[in-house]
1. Picking from 149, 163, which residue would you name as being at pLDDT 95 or above, hydrophobic (A, V, I, L, M, F, W, C), touching a Phe, Trp or Tyr at 6+ places or on another chain (Cβ under 6 Å) and open to solvent by less than 10 Å² (accessible area, probe 1.4 Å)?
2. From (1) at pLDDT 95 or above; (2) surrounded by fewer than 19 Cβ atoms within 10 Å (Cβ to Cβ), pick out the condition that doesn't hold for residue 189.
3. How many of the residues making up segment 144-188 are out of contact with any strand residue (DSSP E or B) (no Cβ under 9 Å at 6 or more places or on another chain), assigned to a loop (DSSP other than H, G, I, E, B) and either in contact (Cβ under 8 Å) with a residue 40 or more places away in the chain or among the small types (Gly, Ala, Ser) (or both)?
4. How many residues are among the acidic types (Asp, Glu) and under 21 Å from residue 48 (Cα atoms) when one looks only at segment 65-115?
5. I'd like the full set of residues that are surrounded by 14 or more Cβ atoms within 10 Å (Cβ to Cβ), within 16 Å of the chain's Cα centre (by Cα) and at pLDDT below 95, limited to segment 41-86.
6. If you scan segment 35-80, which residues turn out to be β-branched (Val, Ile, Thr) and closer than 26 Å to residue 92 by Cβ?
Amino acid sequence: MRLDEKIALLERARRQQEKEEKLQAKQKESTPKEPAKKLTLEEAMEGIRTGELRLESGEIFEFETRTFTASQIPVVTFRNFFEASQEEPEGVIYVSHTHEVSQILSWPKEPIKPVTMKQWANLLVNGMAANRLHAKVVKTEELDFVDYICFDVPSGKDKLYNIVFRLKGTGQQFTGNYNCRKQDEDTYGVFLEAMVITLNNLFSAI
């Protein structure tokens, strides 16, 4: 075979390979990607129970249970997570600026007037409106020992996903406000809700 024939043959082979590679790339692009597996409350609660959970992304979350007030109320928090905290006689604040997540707990001495879940949700929405913020309630739950409300509220160009809860039937006024970015609702939001449900379950086990 002459040199020019060899060169022509190699060129045809190269073009065929390029054509096949382009076809494979096009097929790969057109193949629908499997949606990322969402974290469930059950998985989050199991991670809290064992103290650690590794997501499919490889990210590891650690948890610990701390007790608050003279009543030794057990509350689950993230472990090795927060960069700032502030403890006061009637509450505590934990903040992660990196992840934009906070856990705020309060046990005021002044008595809080008891209200129904519907009244509580209305007070929350109206209180936000008074500060020119539009709160959208997305979920309410009444458990045996804990009531909680999940709601969205604008924050600059983004939205915050919030969970407020109140402990009931213990003789101790105890409330919490957890939040994260709305876009992190499927991860941090699930963990935070699981922590609230775990609080209820810990009291159920007593």
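1. From the options 149, 163, the qualifying one is 163.
2. (2)
3. 4
4. Summing the residues that are among the acidic types (Asp, Glu) and under 21 Å from residue 48 (Cα atoms) in segment 65-115 gives 2.
5. Within segment 41-86, 55 is the sole residue that qualifies.
6. If the condition is that a residue be β-branched (Val, Ile, Thr) and closer than 26 Å to residue 92 by Cβ, then 48, 50, 60, 65, 67, 69, 73, 75, 76, 77 are the ones that fit.
Residue-wise test of (1) touching a residue at least 24 places away in the same chain (Cβ under 8 Å); (2) in a loop (DSSP other than H, G, I, E, B).
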{"position": "86", "(1), (2)": "no, no"}
{"position": "108", "(1), (2)": "yes, yes"}
{"position": "112", "(1), (2)": "yes, yes"}
{"position": "115", "(1), (2)": "no, yes"}
{"position": "119", "(1), (2)": "no, no"}
{"position": "126", "(1), (2)": "no, no"}
{"position": "132", "(1), (2)": "no, yes"}
{"position": "137", "(1), (2)": "no, no"}
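The values are calculated or read from the model by the stated rules, or taken from the named source; none is laboratory data. Computed from a predicted model, the values in this text were never measured in an experiment. Glycine gets a Cβ as well: all are built from the backbone with ideal geometry, and neighbour counts include every protein chain shown. All accessible areas refer to the heavy atoms of the entire protein, side chains included, with ligands and DNA or RNA removed. Shrake-Rupley method; radii C 1.70, N 1.55, O 1.52, S 1.80 Å.
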